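Data first, discussion second: the structure below is written as structure tokens.
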Amino acid sequence: MSNIELKPCPFCGGKGCMNLEKDCICSYVKCISCGAESGLVKVSAEYCADERAAEKWNRRYEEV
Ligand SMILES: [Zn+2]
């Protein structure tokens, strides 16, 4: 797994943690403190789902 920088949670400032949902094979970032999620990114051979999920998470932080 590549080293992706995750910004703090936009809601509580907690640490974001990369997760993999096994059933539908999706990556997402979840706050370990309040449980906020980035939204699911389907794993694909065409792109790195972890990076996409990190982008969604980081963009959310910038919007708040
Ligand atoms: Zn949080």
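Observations on the structure shown:
- With contacts taken as Cα pairs under 8 Å at a separation of at least 6 residues, segment 7-64 carries a relative contact order of 31 percent.
- The modelled label-to-label distance for the pair C34/K22, using points 7 Å beyond Cα in the direction of Cβ, is 3.0 nm.
- At most 15 other Cβ within 10 Å, DSSP loop - trypsin sites (Lys or Arg not before Pro), the chain: K15, K22
- Residue range of the chain that is longest and free of GluC sites (Glu not before Pro) which are both DSSP loop and sparsely packed (at most 13 other C-beta within 10 Å): 6-45
- Counted charge near C31, where neighbours are those whose Cβ lies closer than 9 Å (Asp, Glu -1; Lys, Arg +1): +1
- Full-stretch length increase - E63, S44 - with 0.36 nm per residue and alpha-carbon distance subtracted: 4.2 nm
- Within straight-line reach of K56, meaning a Cα separation under 19 Å, sit the following aspartates and glutamates at least 8 residues removed in sequence or on another chain: E5, E21, E37, E46.
Read-outs: derived from the displayed coordinates by stated rules, not from any lab. This structure is a prediction, so every number in the text was calculated from the model and none was measured. Using ideal geometry, Cβ is built from the backbone for each residue, glycine included, and neighbour counts are taken over all protein chains shown.
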